[in-house]
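Below: the structure, in structure tokens.
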Amino acid sequence: MQPRQIVEHWVEAFNQADAKRLSSYYAENAINHQVANQPVCGRDNIYAMSPDSRIGTQ
């Protein structure tokens, strides 16, 4: 995929709140740093920070 396609797919996954697909665009050792929050390290942790990753776990 070209960089633009990756961004378009990421935005689509984000808009659909598809945490599994969204986190798949990150490397295993990625760091997601949102300005208002502490950095989140690793694909599995990036996935876990999404609300839809916790559906059915309560």
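The values are calculated or read from the model by the stated rules, or taken from the named source; none is laboratory data. From a predicted model like this one, the values you see are computed outputs, not experimental measurements. Surface areas here come from the heavy atoms of the whole protein model, side chains and all, with no ligands, DNA or RNA. Shrake-Rupley method; radii C 1.70, N 1.55, O 1.52, S 1.80 Å.
Please determine, in degrees from 0 to 90 and to the nearest 10, the orientation of helix 3-15 with respect to the longest principal axis defined by the Cα atoms of the chain, where the helix direction is its Cα long axis. It works out to around 30 degrees.
Taking all protein chains together and a 1.4 Å probe, the residues 33, 9 rank 33, 9 from largest to smallest accessible area.
If you rank 11, 40, 35 by how much accessible surface each has, with a 1.4 Å probe, what is the order from largest down? Write down the numbers at each step before the final one.
Details: 11 65, 40 30, 35 145 Å².
So the residues, ranked largest to smallest area, are 35, 11, 40.
Using only the Cα atoms of the chain, build the gyration tensor, take square roots of its eigenvalues as a ≥ b ≥ c, and label the shape rounded, prolate or oblate: rounded if a/c is under 1.5, else prolate if a/b is larger than b/c, else oblate.
oblate
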